[in-house]
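The values are calculated or read from the model by the stated rules, or taken from the named source; none is laboratory data. Model, not experiment: these values are computed from the prediction. Here the Cβ is made from the backbone with ideal geometry for all residues, glycine too, and neighbour counts use every protein chain on show. SASA here: full protein model, heavy atoms, side chains in, ligands and nucleic acids out. Shrake-Rupley method; radii C 1.70, N 1.55, O 1.52, S 1.80 Å.
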Amino acid sequence: MKTPVIQFGTSRFLQAHADLFLSEGEPERAITVVQTSGDAARSHRLAALAAPEGYPVRVRGLKDGRPVDEVMTVISVRRGLSAARDWPEVVRVFVEEAAFVLSNTGDAGYQGRPEDASATYHPSMSFPAKLFHLLAARHAAGGASIVILPMELVVDNGKALKAAVLAVARRQTGDVGLLSYIENDVVWVNSLVDRIVSEPIEPAGAVAEPYALWAIEKGPGVVAPCRHPAIQLVDDLKQIERLKLHISSISATRFSSISGSNRGAAAIRSCANSSPGPRSRRL
């Protein structure tokens, strides 16, 4: 079993977003999920995520003004690994199988740590340092290109992750070939994601609202991992960001006058979960 997608993070958001899209999309993509945090409380998710029967995502809310309440089964996750316990297998999958890398490592994921200075892998390293060691192993094995799609809520997240990995690389090595590989051959993608995930389903799965977006900024070598209605290749993410901010501002202003907080919240939620209009779809 080969998994062309390796994902760092086990969050409920990823379960109801990218993992669901890769299960529904064309072509369907198999995923290896890697737990990066070392949090023992989350380790039970790994087996549940990769269970042969899949895990549920319940989509509940309003779509085009109509109520939706349906359950989908996600079967894209085929393997669960821990970066703390299973590092040699993580390296093998990254080197031998992966064509796409997804990450959602939380707000502190890109922050440097003292362990980043280690010449060999340490489980407490930051995500950029872990990614450097994985890219070094891939380069040593022949240096096939790979598409990295960070999903952290960081402006220009692809550029930010690239800069963080290169900073680690320049401290760790003087290998010009490896540095060139990371800078020029790896495809670093800026992306913007959106979906409201309201509650977990145990041991794996989530309840989410209908509206979802995975906007991927076009660039040399950039390809989406699959085709799916929620995945958009766009020329400029800033247009999407401005549109989201504009819609949020209009919604807050328009509905602030509605008496009763429940009515206002319901109206805003209805607007947020309506399908985007023609202008939005073009962006």
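Remarks
- GluC sites (Glu not before Pro) within the stretch 42-106, DSSP loop, no more than 11 other Cβ atoms inside 10 Å: E53
- Rolling a 1.4 angstrom probe over the stretch 98-219 with all protein chains present gives an accessible area of which 53% lies on carbon and sulfur atoms.
- Distance between the C-alpha centres of the stretch 193-239 and the stretch 155-177: 25 Å, rounded to the whole angstrom.
- Once backbone amide H atoms are built at 1.01 Å from N, A208 has R58, V59, R60, S198 as its partners under 5 Å, excluding neighbours fewer than 5 places away on the same chain.
- Calculated over the stretch 22-92: convex hull of Cα atoms, volume per residue (Å³): 120 Å³
- Distances between placed amide hydrogens fall under 5 Å for V234 paired with I216, E217, K218, all partners being 5 or more residues away or on another chain.
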